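Quick note: the coordinates plus some simple rules give every number you see, no bench work behind them. The structure presented is a predicted model; accordingly, all values stated were derived computationally and were not measured. Virtual Cβ from ideal backbone geometry, glycine too; neighbours counted across all protein chains shown.
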Amino acid sequence: MIANRLLVTKTAATSIFNRRRFARLPMAMLLGGLTTYLFNLAVLRPIYLDELHQYGLGEKYFFLDLNADMMRDDLAQMGISIDAKHFDMAETERRVQEQEAKSEAK
């Protein structure tokens with residue numbers, strides 16, 4: 001809304017935006033989006049990162065290695081049972097080669 005109001009003001013640089021609403025709308029949206037992004041980057045992000053570090057969660061937030069066994073154990077503690085299997089690339093390649101050999105033999 002602020003960007004739209006600035007574009008409506010009567011100056012020589014914005015005279016085209018006063019006459020043409022369709023030219024003013026995309027420019028107002030662009031300026032509004034840019035202003036919001038810069039505000040988030042300059043003000044809100046440092047506050048958020050500071051709070052993460054105050055609570056000691058910065059290390060976990062940025063460097064957490066998700067481990068399937070750890071998640072399965074956490075779910076088991078909550079009473080949720082998951083029948084998931086590990087993905088083994090070597091075993092998968094071996095099975096693909098066996099299937100290819102069977103198909104070539106036919």
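A compact table of results
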{"quantity": "Verdict on GLY56 being of a type outside the set (Phe, Trp, Tyr) and in a loop (DSSP other than H, G, I, E, B)", "calculated": "yes"}
{"quantity": "Residue in the range 45-62 that is of a type in the set (A, V, I, L, M, F, W, C), surrounded by fewer than 10 Cβ atoms within 10 Å (Cβ to Cβ) and within 25 Å of the chain's Cα centre (by Cα) present", "calculated": "yes"}
{"quantity": "Close pairs from the range 23-39: first touching a residue at least 24 places away in the same chain (Cβ under 8 Å), partner exposed (fewer than 11 other Cβ atoms within 10 Å of the Cβ), Cβ under 9 Å, at least 6 apart", "calculated": "ALA28/MET1; ALA28/ILE2; ALA28/ARG5; LEU31/ILE2; GLY32/MET1; GLY32/ILE2; THR35/ILE2"}
